[in-house]
Amino acid sequence: MTGLPRRIKPADALLRVTGLEVSYGSVRALRGIDLQLRRSEVCIVLGANGAGKSTLIRSVMGMTKPALGSIELAGVGDLVGRPPHEINALGVAWSPEGRLVFPTLTVEENLVVGAFPVWKKSIIRERMDRVTALFPRLQERMSQAAGSLSGGEQQMLAVGRALMSEPTVLLLDEPSLGLAPLVVSLLFDQVQAIKSAGVTILMAEQNARQALRIADYVYLLTNGEVVAHGEAAEMEQRSDVQEAYLGG
Amino acid sequence: MQLFIQQVVNGLISGSSYAVVALGYGLVFSVMRVMNMAHPDVAMLGAYSAYLVTSVLSVTILGLPTSLLVLVFLGLLLVGGITGAASGLILERLVIRPSLGKAVLVSFIATAGVGIALENGITAIFGSLPVQVPSILPTWAIVVAGIRFTPMELATLVISLAMMVGLRYYVHGTKWGLATRAIADRSDVAAACGVNTRTVSMLTMGISSAMAGVAGVTIALSQTQASPFMGLALGLKAFVCMLVGGNRHIEGILAIGLFLGVAEALISGYLSTDYRDAAAFSLMLVVLLVRPNGLFGSYPTPA
């Protein structure tokens, strides 16, 4: 069943990853990944530590150079070989694993960097208002150093910073990592709100129970390979998924 | 007391040059995680640019009214700045960019090699002996409350401080400065946010090297000479300032630069110039034992 590619009407396809292979020295992190994103959906990539989720996301962002394969963005072409700032300009934004805010910059400065290619102050202000409407906590912390925020707040900032570029594709790398269940639930509600605003989301996760709640489509990644994929509702019913990710 | 204040003033003047060069080390490291060991030799190139221009103009400079000499002086600073910026950009393109992302030692050795090449290249062209540079500004001493300093010394202090205030404004008050700080924090994330890290690297190298070039001109004019190896002592002292202050804060490096200059001047005045250089390195030893990241903190070294 893994052999069958996902079927999306060409007009709805936004991102198509084909035969992606990445190696770190002699370690093969990704062994021929095929993956597709449909416009305005939340697609999650489930997998254990070291399955290759981050490598996949980093490859899309241009942070990791694949040995083989292509990453086609609709209307643009192959992203492989382009530098990250160019991929950002083409409408892809990234919220990294471990949040990785700029710790010495204030919350406001972090958001401004998120919209770096934009110089017009009124546009930056407008986008910042939209981000703080989504995450009101950031408004209260605006002039604080980002390094002094709590884990949950830093995650909101990382997502907010990514949204500042008004992306068509938002890459979320394990946003739930190290957060309390209540905070994760709140965060995923906002991810759903971002999707409703028309942003397509590719999210790497380990927290299957919460992630499946907001997912439209699911890819299972094991040892750098896609072992299964399907609509979220179907995947949730599969016994192997329940055993591996939902605790039986 | 008179001697004490005089030595403090002398120290502030020489310390401000240390601080300017130290800032270049620090800024380049924070953005590129590269130790640019050719940096003080860029200051030396700036000094030689002043020598070249003044030797070409030598006859015409004589007898000019003071107001025109001030213009010549400003022109020399400009030439030094351009010389520095140009050498910095060439260095960035040919040596530093290929060593990005590799171990710190790679760029350290590569740029140290460039430094040696520059020193010997200048020796081959102009000889190993110091060349004479005329003092453009008047040499009479200004005396304020018994403290003596020349217009050139005053200018050195003012120019160094102005460059540091300007740099602080650039880093904390402009958008490219914001990008610079973001890159210093997390270079890869900044790139993913749409910051062209290559542009910021070039700006950083250009600005810090221009500052070194200007510092080289002020040193050449105050000492009325330039030598191929003048960068060595300057570079070591500046390097110590950067390590002791840490590269995170411009103010920290400025404070340590001035402090080191004053400490050296006091030791020279009260003990002997023989012990002067010991000041820098004892300070470094003590501080690094207690605070390995410098007094005011540093950006982390890549693994």
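A few remarks follow.
- Unmet criterion (only one of (1) buried (at least 17 other Cβ atoms within 10 Å of the Cβ); (2) touching a Pro at 6+ places or on another chain (Cβ under 7 Å); (3) within 14 Å of chain B (Cβ to nearest Cβ)) for A:V80: (3)
- Set A:G98, A:G50, A:G75, A:G69: member being of a type outside the set (A, V, I, L, M) and under 14 Å from the mean Cα position of the chain (by Cα): A:G98
- Among (1) in contact with a Lys or Arg (Cβ under 6 Å, 6 or more places away or on another chain); (2) more than 14 Å from chain B (Cβ to nearest Cβ), the one test that A:A158 misses: (2)
- Helices (runs of 4 or more DSSP H) within region B:1-118 that include 3 or more residues in contact with a strand residue (DSSP E or B) (Cβ under 7 Å, 6 or more places away or on another chain) and at pLDDT below 95: B:2-32
- Residues that are surrounded by fewer than 23 Cβ atoms within 10 Å (Cβ to Cβ) and either farther than 18 Å from A:T222 by Cα or of a type in the set (F, W, Y) (or both), drawn from region A:27-54: A:R38, A:R39, A:S40, A:E41
- Residue-level check: of (1) within 14 Å of chain B (Cβ to nearest Cβ); (2) surrounded by fewer than 21 Cβ atoms within 10 Å (Cβ to Cβ), A:V131 misses just (2).
- Selection status of A:L14, closer than 24 Å to A:I214 by Cα, away from chain B (no Cβ under 14 Å), surrounded by 19 or more Cβ atoms within 10 Å (Cβ to Cβ) and among the aliphatic types (A, V, I, L, M): yes
- Flag if A:E174 is among the acidic types (D, E) and on the phi > 0 side of the Ramachandran plot: yes
- Flag if A:I57 is surrounded by 16 or more Cβ atoms within 10 Å (Cβ to Cβ), over 15 Å from A:H229 (Cα atoms) and modelled with pLDDT of 90 or more: yes
- Being more than 26 Å from B:G257 (Cα to Cα), in contact (Cβ under 8 Å) with a residue 12 or more places away in the chain and not aromatic (F, W, Y) is a condition met by at least one residue of region B:138-152.
- Any hit, region A:187-199, residues being out of contact with any His (no Cβ under 9 Å at 6 or more places or on another chain), among the basic types (K, R), crowded, with 21+ Cβ neighbours inside 10 Å and at pLDDT 95 or above: no
- Residue within region B:196-206 that is surrounded by fewer than 16 Cβ atoms within 10 Å (Cβ to Cβ), among the β-branched types (V, I, T) and within 14 Å of chain A (Cβ to nearest Cβ) present: yes
- Odd one out for B:R248, checked against (1) assigned to a helix (DSSP H, G or I); (2) more than 16 Å from the chain's Cα centre (by Cα); (3) under 22 Å from B:S107 (Cβ atoms): (1)
- Checking B:I122 against (1) under 30 Å from B:T301 (Cβ atoms); (2) surrounded by 20 or more Cβ atoms within 10 Å (Cβ to Cβ); (3) at pLDDT 95 or above, the condition it does not meet: (1)
- Evaluation of A:A115 against (1) away from chain B (no Cβ under 14 Å); (2) crowded, with 17+ Cβ neighbours inside 10 Å (one fails), failing number: (1)
- Residue match in region B:136-143 (condition: closer than 28 Å to B:V70 by Cα, among the hydroxyl-bearing types (S, T, Y) and out of contact with any Phe, Trp or Tyr (no Cβ under 6 Å at 6 or more places or on another chain)): yes
- Tabulated pairs, region A:45-65, first more than 12 Å from every other protein chain (Cβ to nearest Cβ), second basic (K, R), C-beta under 6 angstrom, 6+ apart or interchain: A:V45/A:K53; A:G47/A:K53
- The set of residues in region A:86-107 being at the interface with chain B (Cβ under 10 Å from one of its Cβ atoms), surrounded by fewer than 21 Cβ atoms within 10 Å (Cβ to Cβ) and charged (D, E, K, R) consists of A:E86 alone.
- A:E234 without any contact (Cβ under 8 Å) to a residue 40 or more places away in the chain and closer than 23 Å to A:D34 by Cβ: yes
- Of the residues making up region B:257-274, none is buried (at least 22 other Cβ atoms within 10 Å of the Cβ), modelled with pLDDT under 90 and over 16 Å from the mean Cα position of the chain (by Cα).
The values are calculated or read from the model by the stated rules, or taken from the named source; none is laboratory data. Values in this document were obtained by computation on a predicted structure and should not be read as measured data. Cβ atoms come from the backbone with ideal geometry, glycine included; neighbour counts cover every protein chain shown.
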